[in-house]
Amino acid sequence: MEKENKYSVLLYYCYAKIDAPEQFREEHHRLCLDLNLRGRIIVAGEGLNGTVSGLVEDCEKYMAVVHADPRFVKTDFKVDYSDKMAFQKMHVRVKPEIVHSSLKHIKPYERTGIHLEPEEFKQMKDQEDVIILDVRSNYEHGVGKFKNAVTLDIDNFRDFPAKLKELEQYKDKKVLTYCTGGIKCEKASAFLLENGFENVYQLHGGIIKYGMEAGGEDFDGKCYVFDNRVVIDINNVNPTVISKCYVCGNINDRMVNCANSECNIHVPICEDCGWKLEGACSETCKGHTAKRPYDGTGYYAKELNGYNPVKGMKRKSTIEE
Ligand SMILES: [Zn+2]
Ligand SMILES: [Zn+2]
């Protein structure tokens with residue numbers, strides 16, 4: 001999307017020591033509300049991870065405030081544009097890690113793989129002694145990935161360390177890891193180094209930045225993102241579609257959640273099958289008592305409690321679009 005749009009969508013992270021995460025969370029949540037931002041931010045002792053949307057000018061103010069904090073000067077914001085807010089609510093939460101990885105002991109701000117800028121990654125990725133490693137999960141690489149990338153059969157990033165055996169065969173290669181925005185690679189690449197891999201690199205800024213700065217060349221399919229847009233286009237050089245409709249098997253990349261809230265499976269379903277099954281993934285789900293009404297999007301806003309540190313739990317929501 002172009003900058004003429006009213007809203008920005010920011011994706012960012014920063015590994016840096018935060019001494020009092022709870023207190024930081026409180027202040028940071030107020031800042032976001034003051035700027036009318038919406039999205040999700042995770043605060044941990046090891047850093048900050050967020051994706052927020054808001055008016056272009058508010059997002060610019062937000063980035064300036066974050067960069068002004070000496071701990072976060074190096075934060076690399078991926079900025080996209082949208083014609084509407086990408087989130088319903090603003091959440092700022094404290095968690096043990098900024099990405100759940102079961103690698104809590106690894107501190108990327110002490111040691112991690114060599115960062116490659118998008119253009120450097122593009123130059124290196126087809127060299128003979130290189131393998132490209134996708135550290136994301138099945139539902140992500142199922143809709144899009146780099147040509148020739150090694151993918152892992154995992155449903156969650158916390159299962160990545162268990163795949164070490166599978167990766168041992170690449171120990172003498174240059175390993176180039178990538179993920180959506182770069183954050184998972186900070187720990188994944190550090191984990192590989194810890195386990196005897198010597199040449200480990202990571203795509204700085206992930207697929208998102210690669211799309212913006214290197215045209216997305218050789219990225220097949222679309223990139224799964226964690227907001228209302230669900231998937232976004234990355235490749236404007238040689239784009240392809242790789243995913244198939246879950247129902248009819250035709251090539252299709254329209255991601256939806258099954259309308260049956262108890263199933264809620266997140267899969268590609270084509271327009272036709274979507275209407276035929278009223279947004280469900282199967283006849284069984286179509287007939288289920290928990291099936292939600294289908295509006296053609298396949299997106300269902302989550303039930304949220306509307307917590308606000310200023311107003312407390314009072315309101316359901318006062319800042320709807
Ligand atoms: Zn279909
Ligand atoms: Zn279903």
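The values are calculated or read from the model by the stated rules, or taken from the named source; none is laboratory data. Source: prediction; values computed, not measured. Neighbour counts run over all protein chains shown; Cβ positions are idealised from the backbone, glycine included. Keep in mind that these areas ignore ligands, DNA and RNA; they rest on the heavy atoms of the full protein, side chains included. Shrake-Rupley method; radii C 1.70, N 1.55, O 1.52, S 1.80 Å.
Quick look at the numbers
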item: Residue in the range 78-88 that is among the polar types (S, T, N, Q), within 18 Å of the chain's Cα centre (by Cα) and part of a strand (DSSP E or B) present; result: yes
item: Hits in the range 277-291 (condition: surrounded by 17 or more Cβ atoms within 10 Å (Cβ to Cβ) and more than 8 Å from ligand 2 (Cβ to nearest atom)); result: Leu277, Gly279, Lys286, Lys291
item: The range 248-265, residues that are more than 16 Å from ligand 2 (Cβ to nearest atom) and either surrounded by fewer than 16 Cβ atoms within 10 Å (Cβ to Cβ) or of a type outside the set (Asp, Glu) (or both); result: Gly249, Asn250, Ile251, Asn252
item: Single match in Leu203, Leu193, Leu152 (criterion: in contact (Cβ under 8 Å) with a residue 12 or more places away in the chain and within 22 Å of Tyr12 (Cα to Cα)); result: Leu203
item: Conditions (1) within 16 Å of ligand 1 (Cβ to nearest atom); (2) part of a loop (DSSP other than H, G, I, E, B); (3) at pLDDT 95 or above: number failed by Asp253; result: (3)
item: Residue check, Gly274 open to solvent by less than 20 Å² (accessible area, probe 1.4 Å), more than 11 Å from ligand 2 (Cβ to nearest atom) and at pLDDT 95 or above; result: yes
item: Residue within the range 210-221 that is within 16 Å of ligand 2 (Cβ to nearest atom) and crowded, with 17+ Cβ neighbours inside 10 Å present; result: no
item: Enumerated helices (runs of 4 or more DSSP H) restricted to the range 108-198, each holding at least 3 residues that are open to solvent by 10 Å² or more (accessible area, probe 1.4 Å) and either at pLDDT 95 or above or in contact with a strand residue (DSSP E or B) (Cβ under 6 Å, 6 or more places away or on another chain) (or both); result: 118-124, 164-167, 183-194
item: Pairs where the first residue, in the range 212-236, is farther than 20 Å from Glu120 by Cβ and the second is open to solvent by 20 Å² or more (accessible area, probe 1.4 Å) and of a type in the set (Phe, Trp, Tyr), C-beta under 6 Å, 6+ apart; result: Val231/Tyr224
item: Odd one out for Ala301 among (1) small (Gly, Ala, Ser); (2) loosely packed, with under 13 Cβ neighbours inside 10 Å; (3) at pLDDT 95 or above; result: (3)
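Condition check ((1) more than 16 Å from ligand 1 (Cβ to nearest atom); (2) at pLDDT below 95) across all residues:
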site	(1), (2)
Met212	yes, yes
Glu217	yes, no
Asn228	yes, yes
Val237	yes, yes
Ile242	no, yes
Gly279	no, no
Tyr307	yes, yes
Lys311	yes, yes
